[in-house]
Amino acid sequence: MTQSPHTPQDLAQHLAEHSPWSRSGVPQALGAYLAWGLVPIYFSLLHKVTPVELVSWRVLFTLPFCLAVVALRRQGPALRAALGDGRVLRGLALSAALIGCNWLIYIYAVNSGHVLAASMGYYINPLVSVALGTLFLGERLRPRQWLAVGIAASGIALLAWGALDTLGIALSLAFSFGVYGLVRKLVPVGAVPGLTIETMVLTPLAVLAATWFASHGAGSAMLHSGTDPWLLAASGAVTGVPLLLFAIAARRMDLSMLGFTQFLSPTIGFVIGVTYFHETLSPVRLACFCTIWLAIAVFCHDLLKQGAFRR
C-alpha cells in the first residue's frame, strides 16, 4: 500500500509525481512560453550590446546555471553518460547550433525594432512543428487540424506578398526553433543534462567572441557602467529556466500539440510590440495576424473537442 503524504512538502511531491496534469508537460510549456513572451522587454534594456556579444554572455552565464541545477538535482551521472555517448553529442551539437542561431536572430529582431516580426515567427512556429511532427515522427492530424494548417499557411502567403522584411525574420525564427524542438525530442537525454551540454558546445565560440569584443572598440559590455553587467549576468537564469521547461515539455508532449500551445508567447510579444515598443501595424501584417489567430482558434477547438486538455 502506498503511504499517504503527511506534510505539505510530501503532498506537493506526491502531486508532482502523480498528477496527470503535471506529467502531461502542459504546465512546463505554458511556463516557458510566458517567460519568452515577456523577454523582449528584458533584451530592450540591453540595446547597446551587439547581438553576437549578448548571445556570447548568455551562453557563458547559462553554463554555470545549468551546472548548478545538475548538482542540485544530482544528475552528474546522467551528464557524464550523455557526454560519453557519441550519438547524443552529435544530436546536441546540432541543437546547440540551432538554438544559438535562434538567439542571434531574435535579439537582432528585438533590438532593431522588429518585435512584431519576431512575434509572427513564433506564431508560424506551430505550423513548422506540425509539419515536422507529421514528416518525421508519424504524428497524424485530424481534418480540422489540417484546416488550421491551411489557414496559417495562407497567412504566411500574405507576408510573402506584402511584407518580405517581416517574412525573413519570421521564417528564420520559426524554422530554427521548430527544428530545435524536433531534435530535442529525438535525442535520448534529459532536459537538464541536454541543455548543459548544448551550452558546453557553444562555450568555446562564446569565449572567443567575448574576448574579441573586450579587445576591440568600446570594450566588453561587462565593463560598462550602469545596469548592463548585472543584466548580462542575469541572462543565465533568463535563458536557462524557460529552456529547461521547454525541454521537459518537448519530451512529454506530442510535437504538434507542443507547437500550438506556444501561441501564448507571440501573443504577449504582439501586445508588447504594439503598446511598449509602439511598432506600426500595417494592414498586411494585421491581416496575417488575424489569419493565424483564426488558425490557432480552429486547432485549439479541435483539441478541446477531442479532450486533449483533460488528460
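The values are calculated or read from the model by the stated rules, or taken from the named source; none is laboratory data. Keep in mind that this is a model prediction, so the values were computed, not measured. As a convention, Cβ positions derive from the backbone with ideal geometry for all residues, glycine included, and neighbour counts pool all protein chains shown.
Going by what's in this entry, would TRP21 be described as over 22 Å from VAL201 (Cα atoms) and either in a helix (DSSP H, G or I) or at pLDDT 80 or above (or both)? Give the derivation first.
Working: over 22 Å from VAL201 (Cα atoms): yes; either in a helix (DSSP H, G or I) or at pLDDT 80 or above (or both): yes.
In short, yes.
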Q. Within segment 85-98, is even one residue at pLDDT 90 or above, touching a Lys or Arg at 6+ places or on another chain (Cβ under 8 Å), buried (at least 16 other Cβ atoms within 10 Å of the Cβ) and in a helix (DSSP H, G or I)?
A. yes
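When you check SER129 against the structure, is it assigned to a helix (DSSP H, G or I), crowded, with 21+ Cβ neighbours inside 10 Å and modelled with pLDDT of 85 or more, yes or no? Reasoning before the result, please.
On the way: assigned to a helix (DSSP H, G or I): yes; crowded, with 21+ Cβ neighbours inside 10 Å: yes; modelled with pLDDT of 85 or more: no.
Judged against the criteria, SER129 is not a match.
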Q) Quick one: in segment 99-113, which of the residues that are modelled with pLDDT of 90 or more and not hydrophobic (A, V, I, L, M, F, W, C) is surrounded by the most Cβ atoms within 10 Å (Cβ to Cβ)? A) TYR106
Q: Evaluate segment 206-222: report whether one residue or more is at pLDDT below 90, β-branched (Val, Ile, Thr), over 30 Å from GLN262 (Cα atoms) and in a helix (DSSP H, G or I).
A: yes
